[in-house]
Amino acid sequence: MILQAIEHDEANERPTTVADCTVVIPTYNERENIGELIPRVLEVPRFRVLVVDDNSPDGTAEIVRDLARGAPR
């Protein structure tokens, strides 16, 4: 569904410029994936991200915090 929205937004002559959809990403030990996933989701201007981490011992939350500093959506 996310990839379809990305394709739709890229094909749209006037892409959405306001974040009006929240993508919720539940995580647990996703350190290896989250750094690639969040920027990919944020390629669509209408998306913002909410990460729900269950106290991952691998440092997932720290990576998300670092990403949030650069991309507050």
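The values are calculated or read from the model by the stated rules, or taken from the named source; none is laboratory data. Since the structure is predicted, the reported quantities are computational estimates derived from the model, not experimental observations. Cβ placement follows ideal geometry from the backbone for every residue including glycine, while neighbour counts extend to all protein chains displayed. Side chains are part of the model used for accessible areas, which takes the heavy atoms of the whole protein and leaves out ligands, DNA and RNA. Shrake-Rupley method; radii C 1.70, N 1.55, O 1.52, S 1.80 Å.
Observations on the model:
- All conditions but one from (1) assigned to a loop (DSSP other than H, G, I, E, B); (2) at pLDDT below 95 apply to HIS8; the one that does not is (1).
- The stretch 26-73, subset touching a Leu at 6+ places or on another chain (Cβ under 7 Å) and outside any helix (DSSP H, G or I), residue surrounded by the most Cβ atoms within 10 Å (Cβ to Cβ): VAL49
- In the stretch 19-40, the residues that are closer than 17 Å to PRO72 by Cβ and acidic (Asp, Glu) reach residues that are open to solvent by less than 100 Å² (accessible area, probe 1.4 Å) and in a loop (DSSP other than H, G, I, E, B) with C-beta atoms within less than 7 angstrom, at least six apart or across chains, in these pairs: ASP20/ARG46.
- Within the stretch 34-67, the residues that satisfy the criterion of being within 20 Å of VAL18 (Cβ to Cβ) and not charged (D, E, K, R) are ILE38, PRO39, VAL41, LEU42, VAL44, PRO45, PHE47, VAL49, LEU50.
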